[in-house]
Every structure is written in structure tokens, then in C-alpha cells.
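Engineer: Got a structure here, written out as C-alpha cells. Questions coming.
The values are calculated or read from the model by the stated rules, or taken from the named source; none is laboratory data. Quick caveat, the model's predicted, so the values are computed rather than measured. Don't worry about glycine lacking a Cβ; one is built from the backbone with ideal geometry, like all the others, and counts go over all protein chains shown.
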Amino acid sequence: MARDKRSLRTSDLASRISKAKGKRGAVRFADKVRRNEMSGVGRAYRLATEFIAAIIVGAFLGWGIDSLLGTMPFGLITLLLIGFAAGVVNVVRAARDINAAAPIPDQTGPMADDDEDD
């Protein structure tokens with residue numbers, strides 16, 4: 001008897017929780033984020049971080065090599081340029097991954113005319 005009451009309360013609680021989740025927009029947004037649907041700002045931060053991290057790593061490696069070998073500007077400049085190139089490659093790769101993971105938009109209706117097309 002006590003078990004039936006407990007299961008009844010549990011199912012009632014579960015139905016109230018699911019109702020509350022349906023009403024909250026924040027929960028829907030969190031579900032989108034969990035499913036890897038990034039917002040525009042999230043995409044921009046990821047791409048910027050990929051680019052800046054590669055440049056900083058290249059600069060620090062170049063500075064370290066110059067400090068060890070005593071060839072002050074050459075290692076820094078060379079590895080800074082290599083870091084820049086690696087950053088561009090990382091951004092292109094990350095953008096391709098983000099675009100591949102993005103949901104395909106609904107193509108059922110006609111496209112709206114754009115004012116800039118005229």
C-alpha cells in the first residue's frame with residue numbers, strides 16, 4: 001500500500017516536472033546547447049579562440065627557441081608566422097565542423113525576397 005502511494009507521488013511529480021520544463025524557455029535553450037547547437041556568439045568565440053591560441057603558441061615557442069639558441073628575432077618571427085598559418089587552418093577546420101553539426105534549415109517554403117537583391 002505504501003509502495004502504491006509512493007509510485008503515485010513519483011509519477012505525479014514526474015508529470016509536473018515535464019509540464020514545467022515545457023513552459024520554460026531556458027530549459028529549451030539548454031537542451032539546444034546540449035545537442036551542440038551553438039549560438040552565433042558561441043561560434044564566434046570558438047573560432048576566435050582557435051585562431052588566437054595558435055598564434056600565441058607559435059609566438060611562445062619562437063621566443064623559447066630564440067632564448068635557447070640566441071637567435072633573437074628569427075625564431076620568433078618564423079614560428080609566429082607558422083602559428084598564424086596554423087590558426088587559419090584551425091579556424092577553417094572548426095568552421096567546417098560547426099557547419100557540419102548544424103541542423104539543416106527547413107527548405108519547404110519559398111525564400112523571402114531580400115531588399116538587397118534589387
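Engineer: From the list ILE77, ILE55, which residue is modelled with pLDDT of 95 or more, touching a Phe, Trp or Tyr at 6+ places or on another chain (Cβ under 7 Å) and assigned to a helix (DSSP H, G or I)?
Structural biologist: On the way: ILE77 fails: touching a Phe, Trp or Tyr at 6+ places or on another chain (Cβ under 7 Å).
One residue alone meets the criteria, ILE55.
Engineer: Further question: Within the bounds of segment 27-34, is there any residue that is out of contact with any Leu (no Cβ under 6 Å at 6 or more places or on another chain), assigned to a helix (DSSP H, G or I) and modelled with pLDDT of 95 or more? Steps first, answer last, please.
Structural biologist: Restricting attention to segment 27-34, the residues satisfying the condition of being out of contact with any Leu (no Cβ under 6 Å at 6 or more places or on another chain) are 27-34.
Those still in the list that are assigned to a helix (DSSP H, G or I) too: 27-34.
In the following step, the residues that additionally are modelled with pLDDT of 95 or more were identified as none.
No, segment 27-34 contains no residue that is out of contact with any Leu (no Cβ under 6 Å at 6 or more places or on another chain), assigned to a helix (DSSP H, G or I) and modelled with pLDDT of 95 or more.
Engineer: Out of all the residues in segment 45-58, which are among the small types (Gly, Ala, Ser) and more than 16 Å from ARG93 (Cβ to Cβ)?
Structural biologist: Initial filter on segment 45-58 (among the small types (Gly, Ala, Ser)): 48, 53-54, 58.
Passing the criteria: only GLY58.
Engineer: Would you be able to tell me the number of residues in segment 75-97 that are touching a residue at least 24 places away in the same chain (Cβ under 8 Å) and buried (at least 16 other Cβ atoms within 10 Å of the Cβ)?
Structural biologist: 8
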